[in-house]
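Please treat every number below as a calculation from the coordinates, not as lab data. As the structure is a computational prediction, the values presented were derived from the model and not from experiment. A quick note on method: Cβ atoms are made from the backbone with ideal geometry, for glycine too, and the neighbour counts reach across all protein chains shown.
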Amino acid sequence: MKCPAHKIRRIALIGMFLFSIQISGLFGQSSSSPISVPSGMTGSDLLRMSQEGKHNDVALLAPASIKKNPQDVDAYIGLAWSLNALKEYVKAKDIAQQGYARFKDPRLAQALGEAQYYLGENEAALANLQEYLARFPEGSKAALTFYLCGELFVRMDKFNHADIAFSTALQYNPSNARWWVRLGWVREKTARYIPALKAYEQAINLSPNLTEALNGKSRMLAKIED
């Protein structure tokens with residue numbers, strides 16, 4: 001059975017990307033009575049809730065669940081991912097570090113890397129995000145993780161690496177107009193004006209009034225006509 005062309009391209013982009021790169025204080029509750037975990041709730045339930053976007057519920061329930069069963073890795077993962085979604089990056093970093101020290105799970109490396117990205121810890125963030133991608137290149141966080149790697153490469157002025165990372169992220173999430181703008185921008189930085197134009201045009205197709213894409217397209221047309 002032949003692989004679809006888009007699948008082959010995605011695998012190739014992942015290979016290029018990988019080749020190019022040679023809980024103390026958290027468990028206390030503010031209310032006078034402790035939070036109790038519903039009977040029968042496990043870390044897998046909390047992880048599923050996190051994936052469903054119920055981040056406030058996970059942030060409320062997971063600390064007590066972890067305290068009750070410190071060996072439940074899914075509770076750590078769900079909590080760390082939800083804390084990142086809630087922009088509680090210091091807390092997310094803390095719980096991800098605790099969980100990773102115990103379990104060495106790449107999903108916790110992803111959560112740690114995501115928190116470190118927002119905290120400006122660029123080198124450590126990249127290493128942790130790469131660990132997740134090496135183990136779970138098709139994982140639920142793959143698109144976001146490739147995108148964050150692209151932004152980290154931008155911070156490091158590695159625009160060709162960023163091109164590969166953004167391109168791969170868009171293989172998973174081709175409907176994200178702002179990611180197409182970022183891809184256009186890094187291609188523009190390396191004077192790849194026609195590919196940059198195509199990326200900006202993709203963004204405009206998805207979001208016709210997106211100013212950054214419209215301005216980028218105008219710049220590229222001017223460059224190409226010179």
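Listing for the model above:
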| quantity | calculated |
| --- | --- |
| Nitroxide proxy distance, nm - points 7 Å out along Cα→Cβ at Leu214 and Lys67 | 5.3 nm |
| For Phe103, Phe146, order by how many other beta-carbon atoms lie within 10 Å, fewest first | Phe103, Phe146 |
| Residue order, fewest to most surrounding Cβ atoms within 10 angstrom, among Asp157, Asp72, Asp226, Asp57 | Asp226, Asp157, Asp57, Asp72 |
| Linear extension gain, Thr42 paired with Ala101, 0.36 nm per residue minus alpha-carbon span | 19.2 nm |
| R0 of 22 Å, Cβ-Cβ distance Leu86-Arg135: FRET efficiency to nearest 0.05 | 0.30 |
| Fewest-first sequence of Val58, Val181 by Cβ atoms within 10 Å of each Cβ | Val181, Val58 |
| Cα gyration tensor shape of the stretch 151-226, rounded if a/c is under 1.5, else prolate or oblate by comparing a/b with b/c | oblate |
